[in-house]
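Where a number appears in this text, it was derived from the coordinates with a stated rule and is not lab data. Values in this document were obtained by computation on a predicted structure and should not be read as measured data. Ideal geometry is used to build each Cβ from the backbone, glycine not excepted, and the neighbour counts take in all protein chains shown.
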Amino acid sequence: MLAIFTKKRVTALRELMESDGFYRIPLKKLKTGHYKVEARVNEIKGDFIVDTGASSSCIGFSSVDRFIMLTEQSELKAAGAGATNMETHVARNNRFQVGEKQYNKMDFVIFDLSHVNEALIQVEEKPVEGILGADFLKENRAVIDYGRNVLYLK
C-alpha cells in the first residue's frame, strides 16, 4: 500500500516520536549528502557526521587532545571509503552530549580521519572531528527523518 504523507502526517511523526520520549536533534545536510551534527565530547564542542554505514563511532587522532581523551592501543583495523587497514586506538568512558541527550560512558574508536576531511574540504565543507556510527545509532534507537533533516534518539 502506498502511503501519502501530508504536512499533517509529518507533524504527526514529530509528535509521535517526542511523545514516546525521543529527543529531536536538527541535522545539517552537507554538499556531500552526509548529515552533520554538533555534539560535545568531555564538554568540548565538535562536529560529527552521522553515518549509518560506519559500524563504530569514531574520532580522529587529531582531535584526541582537543577532547581530553585517554586512549589505548587497539587490535582493530579500520576501513572506510578510500582507506583500508588503518591503525586504531580506543578511548573509553567519555562524556558525550548531542542535543539534550547525554551519555556518561561512551567509547570511541580513534583513527585517522584525514581522508574524510580531505573529501569535505574538496567540496568546501568544514572538517569534522568524528563520526556517529551504527553502534551509537542502534543503541539509541535512532530514527532519521530525511524529509525534515532531523535525528530522533531515544
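For the reader, a short list of remarks on this structure follows.
- Under 5 Å between amide hydrogens, built in the peptide plane, is the criterion, and for V50 it picks out Y35, K36, V37, L132 among residues at least 5 positions away or on other chains.
- For the chain, Kirkwood radius (reciprocal of mean inverse C-alpha pair distance, Å): 16.4
- Net charge of neighbours whose Cβ lies under 14 Å from the Cβ of V143, counting Lys and Arg as +1 and Asp and Glu as -1: +2
- Listed peptides 49-58, 63-72 appear in the order 49-58, 63-72 once ranked by packing, highest mean of other Cβ atoms within 10 Å at the front.
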